[in-house]
1. Which entries in the list K85/K255; K227/K255; K85/K119; K110/K227; K85/K227 go over 30 Å, if you measure between the two C-alpha atoms of each?
2. From the alpha carbon gyration tensor of the chain, can you work out the equivalent ellipsoid semi-axes (sqrt of 5 times each eigenvalue) and give them in Å, largest to smallest?
3. Of all GluC sites (Glu not before Pro) in segment 105-194, which ones are in loop regions per DSSP and have a Cβ with at most 16 other Cβ atoms within 10 Å?
4. Considering only C-alpha atoms, what is the centroid distance from segment 145-201 to segment 230-263, in Å?
5. For segment 71-173, with only Lys/Arg (+1) and Asp/Glu (-1) charged at the beta-carbon, what is the dipole magnitude about the Cα centre, in debye rounded to 20?
6. Say R0 is 51 Å: what FRET efficiency, to the nearest 0.05, do V52 and E240 get from their beta-carbon distance?
7. Only Lys, Arg, Asp and Glu count, each charged at its Cβ (+1, +1, -1, -1), so figure out the dipole size of the chain about its Cα centre, rounded to 20 debye.
8. Quick query: amide H of H130 versus all other amide H atoms, modeled in the peptide plane; which residues come in under 5 Å with a sequence gap of 5 or more or a different chain?
Amino acid sequence: AANLSLMLQAFPFGDKRNLLLIQDVTDLQKADAMRRDFVANVSHEMRTPITVLMGFLETMQSLDLDKAQQNQYFDMMMSQAQRMKSLVEDLLTLANLEANTLPAPMQLVKISTLMALLKNDAEALSQGRHAFNFDLSSTANLMGEEREILSAFGNLVSNAIRYTPDIASISADWHLNERGEGEFSVTDTGPGIASEHLSRLTERFYRVDRSRSRDTGGTGLGLAIVKHIANRHQAQLIIESTPGKGSTFTLRFPKERIANSVD
Ligand code: ADP
């Protein structure tokens, strides 16, 4: 605010160009504040697993543990290292997406192949704890960047798994709506999300329940990644949720990105 009033004094109102310059300064300040927040968040997210890892190492150094206890510690250390790895991978994915402001290329993405991959990954992640219903009601395919589409769809499916209690069911489906747009939806019967959180879910590191997200291996970056991938494909991310009942996350692709099946 101090900088802003300084600019106002230097460039009195009435000159359009100067007013634009003032606007730019506030935008820059906002961008700078966001960057500082982001760096603080990343540092915090990294420091936590490092601190826990060091705690385990110190204990192992000072105590004479038997083989079984050692193995238990190694497992716990591995999971902290895994957490750091996921965070770094998601940060790199996000940085690459942010650096690339071009629309995604128009390459053929075969949805049936993609859905088979998704189902395999989902079953591996769930380890038999959920029932899956993967439905391909359209044979239409997508035009886009395959790795990104797999990552966006995969993030929505893995969120559904991570936030849905055991035994409950999860469904994913691909269909064309009445306007010919392609919709990929994932529906879970998890805790749902209160409406005041919905608009903030795609912010980096925004979580409704911090400890729950961490416990399930979340980095807090998944939906930010999904949102970027959606933007690059001119797709919309639609979130519908009823607290206590579950959520549906939908990615809606424009007609221009739909390719009718050739086989
Ligand atoms: P995280 O790694 O924390 O899951 P995301 O960016 O993927 O990060 O999601 C942001 C937040 O949105 C999560 O922390 C969680 O609170 C909420 N969320 C995402 N998906 C679901 C879901 N299927 N059910 C309930 N809450 C969800």
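Taken together, the values in this text are just the output of simple stated rules run on the coordinates, not laboratory data. Nothing here was measured: the structure is a model prediction, and the numbers come from that model. Virtual Cβ from ideal backbone geometry, glycine too; neighbours counted across all protein chains shown.
1. Details: K85/K255 37 Å; K227/K255 19 Å; K85/K119 24 Å; K110/K227 21 Å; K85/K227 22 Å.
Result: K85/K255 exceed 30 Å.
2. Values: eigenvalues 246, 207, 55 Å².
Gyration-tensor ellipsoid for the chain: 35, 32, 17 Å.
3. Details: sites: E123, E145, E146, E148, E178, E181, E183; in loops: E145, E178, E181.
Those satisfying the criteria are E178.
4. Here the answer is 9 Å between Cα centres.
5. On the way: 7 positive and 12 negative charges, 27 e Å.
Rounded to the nearest 20 debye, it is 140 debye.
6. Working: r = 36 Å, r/R0 = 0.71.
After rounding, the FRET efficiency stands at 0.90.
7. Value, rounded to 20: 440 debye.
8. Placed amide hydrogens put I167 under 5 Å from H130.
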